[in-house]
Amino acid sequence: MAEEKKVLVGIVMGSDSDWGKIKGAVAPLNDFHIPYEVHVMSAHRTPEKVLEYAQTAKDRGIQVIIAAAGGAAHLAGVIASHTTLPVIGIPVQTDFLGGLDSLLSTVQMPGDIPVATVGVGSGGARNAGLLAVQILALADNNLAEALVKFKKSLVEKIEKKDHDLQFMIGNSQE
């Protein structure tokens, strides 16, 4: 029987309806084989649960927390106020202001309570997962090497796209 790996990244969201908007955060974690957990908890509706999660995460082996919320997006900040772990906030897109409200609520933290905030939308969610990988790679040489390979693959991917575009528009030297 395979040994189960200890969870390194905790992902929390204010509502289960946020999952469709932030699930891109788990793709990089899966790609780099980083174990994670996902929970629904609300800074406003379940503050005791948020407090307990933030205060016990480090003892449970979690090294990075990703917190996603929309509107009055206080989840990341509340968690950051109760842990010394790095917290990455994902501002969830809303119908009312397209996520600007979430972005401002997440990014405008008072001094001494840092929250790394990514952009609104699917790119932001993916970047939250990648940022968690980069944080973990600071203490894991194998993960750091995998990130170098990943970055090289991005260069190759864009070069191929440029080559294909040049061929499509008739500027190819072939």
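Couple of notes before you dig in:
- Subset tally (residues that are without any contact (Cβ under 8 Å) to a residue 40 or more places away in the chain, open to solvent by 10 Å² or more (accessible area, probe 1.4 Å) and closer than 16 Å to residue 60 by Cα) for segment 80-94: 4
- Cβ-Cβ contacts under 6 Å between residues 6 or more apart (or on different chains), taken from a first residue in segment 129-140 that is in contact (Cβ under 8 Å) with a residue 24 or more places away in the chain to a second residue that is of a type in the set (Lys, Arg) and open to solvent by less than 30 Å² (accessible area, probe 1.4 Å), are absent.
- Among residues of segment 17-37 that are in contact (Cβ under 8 Å) with a residue 24 or more places away in the chain, those with a Cβ under 6 angstrom from a residue that is surrounded by 14 or more Cβ atoms within 10 Å (Cβ to Cβ) and hydroxyl-bearing (Ser, Thr, Tyr), sequence gap 6+ or separate chain, pair up as 24/122; 29/36.
- Residues that are open to solvent by less than 80 Å² (accessible area, probe 1.4 Å), within 19 Å of residue 62 (Cα to Cα), of a type in the set (Gly, Ala, Ser) and not in a helix (DSSP H, G or I), drawn from segment 106-149: 116
- Looking only at residues of segment 102-132 that are farther than 20 Å from residue 33 by Cα and polar (S, T, N, Q), we find that the one that is nearest to the chain's Cα centre (by Cα) is 117.
- For residue 48, the criteria (1) open to solvent by 30 Å² or more (accessible area, probe 1.4 Å); (2) in contact with a helix residue (DSSP H, G or I) (Cβ under 7 Å, 6 or more places away or on another chain); (3) not small (Gly, Ala, Ser) hold in every case but one, which is (2).
The values are calculated or read from the model by the stated rules, or taken from the named source; none is laboratory data. Everything quoted here is computed from the prediction, not taken from an experiment. Quick reminder, even Gly has a Cβ in these numbers, built from the backbone with ideal geometry, and neighbours come from all protein chains shown. The area values use the complete protein model at the heavy-atom level, side chains included, leaving out ligands, DNA and RNA. Shrake-Rupley method; radii C 1.70, N 1.55, O 1.52, S 1.80 Å.
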